[in-house]
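Below is one structure, written out as structure tokens; the observations come after it.
The values are calculated or read from the model by the stated rules, or taken from the named source; none is laboratory data. As the structure is a computational prediction, the values presented were derived from the model and not from experiment. Neighbour counts run over all protein chains shown; Cβ positions are idealised from the backbone, glycine included.
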Amino acid sequence: MADIGMSAFSVFFMTSPSFLEHQRRFDEGHHRSNCQTLFGITQIPRDNHVRDMLDAAAPERLHPVFADVVDALKACPGGFDSFRRLDGQVLIALDGTEYHASNKVHCPQCSTRRRGKADELEYFRAMLAATLVAPGHDKVIPLPPEFIVPQDGAQKQDCESAAAKRWLATHGSHYADLAPVYLGDDLFSRQPMCEAVLAQGASFIFVCKPSSHRLIEEYLTGGTPEGLEHKIKRGKQQGLQRYRWLAGAPLRDGKDALSVNWFEMTILNAKGEVTYRNSWVTNLAVHQDNVAELAACGRARWKIENGAFNTLKTGGYCLEHNFGHGKIHLASVLASLNLLAFAIHTVCDLADTLWCEARTRLGPRYRFFSRLGSITEYLIFSSWEDLLLTLAFAKPPPLPP
């Protein structure tokens, strides 16, 4: 089974759907391939056999590997510290995304919806993703996903908020040592979700839209929020950043309402026109010394969209491509392996010297992986060190024994 899992993972790690076929030809001609030397695969399986075997494997079996990736970054001097904000806390952005949609290809794990003028039934797969992010940091690190799939005994279809609560129940205690602050859009700024975060001993900064939190708007109207503003300059452009905050606002009606702290950020240009405005709720204390950093952290939730989902879907990982759907878990397992490859690539970008040398020499991500795929199609390397030395310094690989 190890060969099966590693064979599928190798495709995503190399960002090359044809990688196994190339290596199979090497194996047949030379009885040796990069699958063996780089990935430790003793016997290269056929694609259909890989899909059949992985279909029955639950994606939860990969959760410990995601934890190992985070632990590897922790072990690198300063590697994990670059993600810490708010006096040592770590931001985990939560958001849902789809990775499959079809009118024909489906399985019992798919959700459904009606689309178009013909009201045609569409099948789709989605997941709740959790990702380490930080304002000012150009890297993001995916954590294990929670898949949005029909739940046993449930009358309604599964949803993003329910998946987020399951993710917290499953993983919250494991990542508690990071002192996490969970980020999310307005969907999450409801009392059940906020209480689920607090039950894990964690904190939250969730978007709070005025239209969905009328009671907080009433408190703002009747109260006197504190405020702060300062001038900003970006190149020749000048503007103003304005902050407001209010402590102890009820999140909803009722005696059991959770008390939260509300804050808002507004950006105005030189003409006084509003170019950005957003507001959040949090359980963290808000004051003039930290409101700007809190707002920056709240805005960092967009990094899960721009840095993770966009890269996974358009940056070579082909998350929405149908690598195989299966009848039970295959689509979820393959999506998890894709996320895992991205997470390992990111940690290599941050902590592996030779990998960074090769990335620097070859430039953009697409060029690096294109060269990685090309060179392993024609040459066999005895180790990752030999491969990266060749990429970074154009050093010819040692001749095979």
Sole miss for Lys156 among (1) in a loop (DSSP other than H, G, I, E, B); (2) in contact with a helix residue (DSSP H, G or I) (Cβ under 7 Å, 6 or more places away or on another chain); (3) not aliphatic (A, V, I, L, M) is condition (2)
Could you go through region 212-230 and let me know if any residue there is modelled with pLDDT under 95, on the phi > 0 side of the Ramachandran plot, among the small types (Gly, Ala, Ser) and in a strand (DSSP E or B). no
Which numbered condition trips up Glu264, out of (1) buried (at least 20 other Cβ atoms within 10 Å of the Cβ); (2) within 22 Å of the chain's Cα centre (by Cα)? (2)
Checking the condition in contact (Cβ under 8 Å) with a residue 40 or more places away in the chain and either under 16 Å from His329 (Cα atoms) or in contact with a Pro (Cβ under 6 Å, 6 or more places away or on another chain) (or both), which residue from Ala56, Ala72, Ala67, Ala93 passes? Ala56
Members of region 314-337 found to be modelled with pLDDT of 95 or more and surrounded by fewer than 20 Cβ atoms within 10 Å (Cβ to Cβ), listed by number: none
Can you run down the residue pairs with Cβ atoms below 8 Å, 6 or more apart or on separate chains, where the first is in region 333-355 and under 13 Å from Phe12 (Cβ atoms) and the partner is outside any helix (DSSP H, G or I) and among the hydroxyl-bearing types (Ser, Thr, Tyr)? Ala335/Tyr99; Asn338/Tyr317; Ala341/Thr15; Ala341/Tyr317; Phe342/Tyr317
Quick one: which residue in Leu387, Leu340 is of a type outside the set (Gly, Ala, Ser) and at pLDDT 95 or above? Leu340
Going by the conditions given, is Gly222 in contact (Cβ under 8 Å) with a residue 60 or more places away in the chain and not hydrophobic (A, V, I, L, M, F, W, C)? no
Strands (runs of 3 or more DSSP E) wholly inside region 71-139 containing at least 1 residues that are out of contact with any helix residue (DSSP H, G or I) (no Cβ under 6 Å at 6 or more places or on another chain), under 16 Å from Leu312 (Cα atoms) and at pLDDT 90 or above: 89-102, 120-133
Within region 372-394, is there a residue that is crowded, with 16+ Cβ neighbours inside 10 Å, of a type in the set (D, E, K, R) and within 18 Å of Gly315 (Cβ to Cβ)? no
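In contact with a Phe, Trp or Tyr (Cβ under 9 Å, 6 or more places away or on another chain), of a type in the set (A, V, I, L, M, F, W, C) and under 14 Å from Ile92 (Cβ atoms): does that describe Ala176?
So Ala176 does not fit the description; no.
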Report, by residue number, each residue of region 171-192 that is of a type outside the set (A, V, I, L, M), without any contact (Cβ under 8 Å) to a residue 60 or more places away in the chain and in a helix (DSSP H, G or I). Asp177, Asp186, Pro192
If a residue must be modelled with pLDDT of 95 or more and exposed (fewer than 15 other Cβ atoms within 10 Å of the Cβ), how many such residues does region 231-243 contain? 0
